[in-house]
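To start, the structure itself, in structure tokens.
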Amino acid sequence: MGLLGTGVLAIWNGIAPGADADFAAWHVREHIPERIAVPGFLRARRYAAIEGEPAYFNFYETTSPDVLVSAAYVARLNDPTPWTRRIVAQFRDTSRTVCDVALSLGRGEGGVIETIRLQPATPDPAEYRVAMERGVLRALVAAPGITGVHLLQGRPGDSAGGTVEKALRSGTDAIADWILLVEAVDAACLRAAREEASSDGLLARAQTRQGCRRGLYALQFGLTAGEQR
């Protein structure tokens with residue numbers, strides 16, 4: 001089983017010193033349940049960094065990318081709770097991207113994930129998707145310990161809208177062009193794949209520019225819409 005829908009909201013963020021415990025409690029007790037209650041949200045997951053920065057990665061699977069600009073979701077973003085206001089003001093180094101799921105392969109969920117922010121060397125999205133599928137994704141999903149491989153195409157226009165929550169964050173949110181998520185049973189499998197099936201050389205041959213930003217993260221919490229009910 002790959003991702004549950006055709007839309008993803010991918011977020012990386014750090015947190016101000018001393019705020020990690022409050023952030024973790026808010027995410028589990030309020031924020032993720034609140035998001036999953038929005039129509040069209042299917043599953044949410046939060047990860048903590050093993051390697052790379054920033055400290056946290058989380059993503060939300062939705063029925064389609066349109067859910068992430070829907071009236072119900074935007075209303076939620078414009079009416080943050082007091083706890084949300086306190087936590088979001090502590091965010092640092094935030095990257096937030098609304099994405100189309102270009103391709104999702106695999107079965108089940110892995111306990112660790114590598115996030116790779118990509119910049120294509122070709123302006124043609126269809127050409128890039130095919131190059132990545134043939135040159136990287138098919139071999140990568142067959143590598144030992146890999147449980148899922150997901151290629152996401154960012155929607156810059158849908159990622160940049162102004163909301164009350166966004167105004168609470170310090171600085172400007174970064175937006176990813178394309179994202180590759182690689183799930184595995186453990187970090188050793190991801191490190192091995194990084195040397196082989198998802199190496200910088202193979203990514204380059206699949207029309208990816210040099211300088212990918214990578215992070216290795218461990219799953220901390222996940223919630224599906226079915227569990228919410």
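The values are calculated or read from the model by the stated rules, or taken from the named source; none is laboratory data. Given the structure is predicted, the values throughout are model-derived calculations rather than measurements. Don't worry about glycine lacking a Cβ; one is built from the backbone with ideal geometry, like all the others, and counts go over all protein chains shown.
Structure data summary
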quantity	calculated
Where Gly201 falls short, out of the listed (1) without any contact (Cβ under 8 Å) to a residue 24 or more places away in the chain; (2) closer than 23 Å to Val74 by Cα	(2)
Helices (runs of 4 or more DSSP H) wholly inside the range 145-229 containing at least 1 residues that are β-branched (Val, Ile, Thr)	164-168
Some residue of the range 215-222 being of a type in the set (A, V, I, L, M, F, W, C) and modelled with pLDDT under 95	no
Sole residue being without any contact (Cβ under 8 Å) to a residue 40 or more places away in the chain and either within 14 Å of Leu9 (Cα to Cα) or basic (Lys, Arg) (or both), chosen from Ala160, Ala176	Ala160
Selection count where residues are surrounded by 14 or more Cβ atoms within 10 Å (Cβ to Cβ) and under 17 Å from Gly106 (Cα atoms), scope the range 174-186	7
Residues of the range 9-23 satisfying the condition of being assigned to a strand (DSSP E or B) and among the aliphatic types (A, V, I, L, M)	Leu9, Ala10, Ile11, Ile15
Criterion (more than 18 Å from Tyr60 (Cα to Cα), surrounded by fewer than 21 Cβ atoms within 10 Å (Cβ to Cβ) and in contact with a helix residue (DSSP H, G or I) (Cβ under 8 Å, 6 or more places away or on another chain)) met by exactly one of Gly171, Gly135	Gly135
Residue among Ser64, Ser104, Ser95 that is touching a strand residue (DSSP E or B) at 6+ places or on another chain (Cβ under 8 Å), loosely packed, with under 15 Cβ neighbours inside 10 Å and among the polar types (S, T, N, Q)	Ser64
One residue from Pro156, Pro125 being at pLDDT below 95, closer than 20 Å to Leu103 by Cα and either of a type in the set (D, E, K, R) or surrounded by fewer than 18 Cβ atoms within 10 Å (Cβ to Cβ) (or both)	Pro156
Top-ranked residue of the range 198-216 - restricted to ones that are in contact with a strand residue (DSSP E or B) (Cβ under 8 Å, 6 or more places away or on another chain) and among the small types (Gly, Ala, Ser), ranked as farthest from Thr94 (Cα to Cα)	Ser198
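Rundown of residues vs (1) more than 20 Å from Ala176 (Cα to Cα); (2) of a type in the set (Gly, Ala, Ser); (3) surrounded by 15 or more Cβ atoms within 10 Å (Cβ to Cβ), yes/no style:
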| site | (1), (2), (3) |
| --- | --- |
| Trp12 | no, no, yes |
| Ile15 | no, no, yes |
| Ala19 | yes, yes, yes |
| Phe23 | yes, no, yes |
| His31 | yes, no, yes |
| Ala37 | yes, yes, no |
| Arg43 | yes, no, yes |
| Pro54 | no, no, yes |
| Val69 | no, no, yes |
